[in-house]
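Readers should treat all values here as calculations from the given coordinates under stated rules, not as data from a laboratory. Source: prediction; values computed, not measured. Ideal geometry is used to build each Cβ from the backbone, glycine not excepted, and the neighbour counts take in all protein chains shown.
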Amino acid sequence: MPSNETLVELHRQMVRARVFEEALQKAYMEGKTPAFDIAAGPIPGELHLAAGQEPVAAGVCAHLRPSDAITATHRPHHVALAHGVDMKKMAAEIFGKVTGLGHGKGGHMHLFDPTVNFGCSGIIAEGIPTAVGAALAMKKQGRDDVAVSFFGEGAANAGPFHESLNLAALWELPVVFVCEDNDWAISVPKTAATAIENNSDRAVAYGIPGTLVPENDVVAVYEAAGEAVARARRGGGPSLIEVKTDRLFGHFEGDPQVYRTDEEFEAMRARDAIRRFEQHLAANGVLDADGAAAAWDAARAEVDAALEFARTSPYPEPASALDGVFA
Ligand SMILES: Cc1ncc(C[n+]2csc(CCOP(=O)(O)OP(=O)(O)O)c2C)c(N)n1
């Protein structure tokens with residue numbers, strides 16, 4: 001069981017991610033309506049939000065340090081924040097500004113922060129073999145760092161998932177594979193894409209441990225990840241974790257979500273992982289309502305400052321368009 005201090009930190013990280021994404025959601029729609037114009041407004045292009053999936057990021061990243069490597073997906077914000085990526089630089093990148101992590105050239109699906117070894121990609125399953133490569137480097141260099149790859153249940157049906165687990169198992173690499181099963185790959189439900197109910201069962205095919213976290217519960221994720229990260233650090237090789245989580249918003253902002261029912265939305269909102277965790281913390285005397293409210297207030301202040309930094313930063317100069325481009 002995590003200490004009370006850790007529980008409060010898990011809560012803080014989840015709240016930061018939720019507030020950040022709700023603010024982005026609002027900013028994203030500026031100028032894009034009435035007829036949805038994806039190129040308009042301060043955040044042009046697609047935006048994929050992970051609201052609802054905060055327990056996965058907070059529970060796993062609580063065990064990591066900056067020298068550990070993370071690969072995330074097109075839905076990366078909750079993981080980036082939990083791993084210590086600077087919120088201001090991240091916001092600026094999402095707004096396409098020169099003060100951003102990638103000088104405004106990557107956007108929200110391509111956030112890279114070498115100071116904490118964080119990367120992500122809009123290419124499905126791309127980060128899985130990349131994490132295996134990072135883990136191979138760590139092993140060859142004799143470090144006790146670990147690589148963690150976050151990916152969706154849709155990505156678990158792609159070839160790179162299987163090849164990565166196979167090699168990581170064979171070479172006993174320090175990598176933890178974390179599947180965020182939010183049940184949807186865009187508009188395709190998991191049941192329409194695979195006969196496997198729990199991807200954690202696939203671990204057995206590669207001779208590595210597989211753990212199912214059946215609820216979107218940050219403490220359960222923390223416990224499962226703690227074991228997997230410790231095993232990887234002590235040279236015990238890779239493991240696979242699948243967490244049943246919730247994608248509260250659309251696949252991307254502007255997604256009409258005609259493929260989901262009202263009942264599904266109601267059920268998801270009723271079991272919101274942050275609110276349920278707050279009830280748990282209050283019932284156990286860890287954090288009362290005032291303490292929880294203070295965490296939301298602090299997150300709002302941090303997010304306001306980050307978005308203000310992003311909005312007031314300049315765009316890159318056109319003359320710098322080819323800087324940093326491989327030719
Ligand atoms: C190689 C590749 N194929 C297809 C796509 C288009 N695409 C973007 S997101 C997505 C679904 C991903 O679903 P999942 O892995 O479950 O992640 P989630 O969106 O639920 O977080 C697809 C097919 C892509 N980006 N890359």
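Place +1 on the Cβ of every Lys and Arg and -1 on the Cβ of every Asp and Glu in the chain, take the dipole about the Cα centre, and give the residue among 58, 257, 83 whose Cα lies farthest towards its positive end.
Ranked along the dipole, the leading option is 83.
Connecting C-alpha atoms closer than 10 Å in a GNM of the chain, tell me which of 19, 303, 188 has the biggest fluctuation.
For the chain, modelled as a Gaussian network with Cα springs under 10 Å, the answer is 188.
Give the lysines reachable from residue 88 as a straight Cα distance under 26 Å; neighbours fewer than 8 places away on the same chain don't count.
26, 32, 97, 105
Would you work out the charge dipole size for the stretch 255-327 about its Cα centre, treating the Cβ of every Lys and Arg as +1 and the Cβ of every Asp and Glu as -1, and quote it to the nearest 20 debye?
That gives the stretch 255-327 a dipole magnitude of about 140 debye.
Can you grab the distance from the C-alpha centre of the stretch 1-47 to the C-alpha centre of the stretch 125-158, Å, no decimals?
26
Please report, to one decimal in angstroms, the Kirkwood hydrodynamic radius of the stretch 1-116 built from all distinct Cα-Cα pairs.
14.8
Just want the answer: with Cβ charges of +1 for Lys and Arg and -1 for Asp and Glu, which residue in 293, 132, 305 is farthest toward the dipole's positive end in the chain?
132
Only helices at least 24 Å long along their own axis, judged from Cα atoms, and with Kyte-Doolittle mean hydropathy of -0.5 or greater: name those in the chain from DSSP H.
Working: long enough: 4-29 (38 Å, -0.43); 289-312 (34 Å, 0.09).
Flagged H segments are 4-29, 289-312.
Only loop residues by DSSP count here, and only those with at most 10 other Cβ atoms within 10 Å; note down the chymotrypsin sites (Phe, Trp or Tyr not before Pro) in the stretch 244-327 that meet that.
Hits after loop and neighbour filter: 326.
Only counting other Cβ atoms within 10 Å, I'd like 109, 138, 29 sorted with the fewest neighbours first. Before the final figure, lay out each step's value.
Values: 109 19, 138 22, 29 16.
Placing the least packed residue first, the sequence is 29, 109, 138.
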